[in-house]
Amino acid sequence: MPELPEVEHLRRSLDPWIVGAEILSVLIRRRDVVHLAEQIEKTSRVVEESLGRMSRIVATHRHGKQLGIECSSGRAIIVQLGMTGGVLLERDAPLPLALQTHCHVVWTIQPKAPAAQPWKLHFRDPRRFGRITGHASMEQLRASWAQLGPDAITITTSALLGALERTSRPVKSALLDQTLIAGVGNIYADEALFFAKVNPLQVAREITRPQAGRLSQALRSILAHAVKRGGSTLRDYRDAFNKAGTAAQLHAVYGRAGQPCACCGHLLIGTRLQGRATVFCPCCQDLSTIPRALPR
């Protein structure tokens, strides 16, 4: 599932091409992936206007794993990629045949250059766990985002401690809770905990300030570096131009259960924590924390 780095890289790859463009039309091929935040009559015209028809794209935003598009009409759109979703920009040539299926929403946009031909922006999602939500205003969008935790790429030690002290779940489970910390998924939770030398089974509210300091720094550093590498492409994720990310080449623990730890040489342990595959080093991430950390 795309996490913060993949969504932020997608935003950055789209931004220079779509900001300032006018949305000429919106084609909705699957109505079940489109939602409106306001309780109004959902006619075709209303839904299309909620998704930006006949307005300009003013800016793009992101919080956690969610992409925001701000329109000149005052409306705003949230794009959630789910497990297999993506946004692809079609400019001078049609999308490859393999990508033309599962395009559930298509925006036709007129770019800023007056002589340019219209382009198309495709929301593609084979498994349909993603969604597009139209908001009446940026204030409404921000209110939606206020229900999420602080953004992980800028999280401070104090903010992290404040989030973790609210739960007695294992710290990895807390990192995956978007209402506590926004943007972290299974990949980067494993990676950040490893580099912070924190065991994933330690009770979240028992994390010390020094541990939280290492963990917040690891989150900021790992996420920022992954953004620069275009995110982690394990199978489905691509950016706006169908390019894969290369951050997976640097994963220290995720997906490496049974292989030697790059730091100490011990074999990495793979387990499942609340249904999620979890990998850690029994030497670098002190196992002595586990007896206190098991769910109570």
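The values are calculated or read from the model by the stated rules, or taken from the named source; none is laboratory data. What you are looking at is a predicted structure, and each value in this text was computed from that prediction instead of being measured. No Cβ is skipped: glycine too gets one built from the backbone with ideal geometry, and neighbour counts run over all protein chains shown. Each accessible area value is taken on the protein alone, full model and side chains, heavy atoms only, with ligands, DNA and RNA left out. Shrake-Rupley method; radii C 1.70, N 1.55, O 1.52, S 1.80 Å.
Some notes on this structure:
- Selection status of S144, outside any loop (DSSP other than H, G, I, E, B), open to solvent by 40 Å² or more (accessible area, probe 1.4 Å), of a type in the set (G, A, S) and modelled with pLDDT of 95 or more: no
- The set of residues in the range 266-284 that are in a loop (DSSP other than H, G, I, E, B), touching a residue at least 24 places away in the same chain (Cβ under 8 Å) and buried (at least 17 other Cβ atoms within 10 Å of the Cβ) comprises C281, C284.
- Screening T154 with (1) closer than 26 Å to A240 by Cα; (2) of a type in the set (S, T, N, Q); (3) in contact with a strand residue (DSSP E or B) (Cβ under 7 Å, 6 or more places away or on another chain) gives one miss only, at (3).
- Within the option set L161, L180, L175, being within 24 Å of V279 (Cα to Cα), free of Cβ contacts under 8 Å to residues at least 60 places away in the same chain, of a type in the set (A, V, I, L, M) and not in a helix (DSSP H, G or I) holds for one residue only, L180.
- If the condition is being crowded, with 17+ Cβ neighbours inside 10 Å and in contact with a strand residue (DSSP E or B) (Cβ under 8 Å, 6 or more places away or on another chain), then the range 240-265 contributes A240, G245, A247, A248, H251, V253, Y254, R256, C261.
- Where T167 falls short, out of the listed (1) within 25 Å of E48 (Cβ to Cβ); (2) part of a loop (DSSP other than H, G, I, E, B): (1)
- The range 190-204, subset closer than 23 Å to G231 by Cβ and touching a residue at least 40 places away in the same chain (Cβ under 8 Å), residue most open to solvent (accessible area, probe 1.4 Å): F195
- The range 244-265: number of residues that are without any contact (Cβ under 8 Å) to a residue 24 or more places away in the chain and either aromatic (F, W, Y) or assigned to a loop (DSSP other than H, G, I, E, B) (or both): 10
- One residue stands out among those in the range 123-141 that are charged (D, E, K, R) and assigned to a strand (DSSP E or B): the one that is nearest to the chain's Cα centre (by Cα), which is R131.
- Positions within the range 22-39 being closer than 16 Å to A76 by Cα and either assigned to a loop (DSSP other than H, G, I, E, B) or open to solvent by 90 Å² or more (accessible area, probe 1.4 Å) (or both), in sequence order: A37, E38, Q39
- Qualifying residue in the range 9-20 (condition: over 22 Å from Q140 (Cβ atoms), hydroxyl-bearing (S, T, Y) and either assigned to a helix (DSSP H, G or I) or at pLDDT 95 or above (or both)): yes
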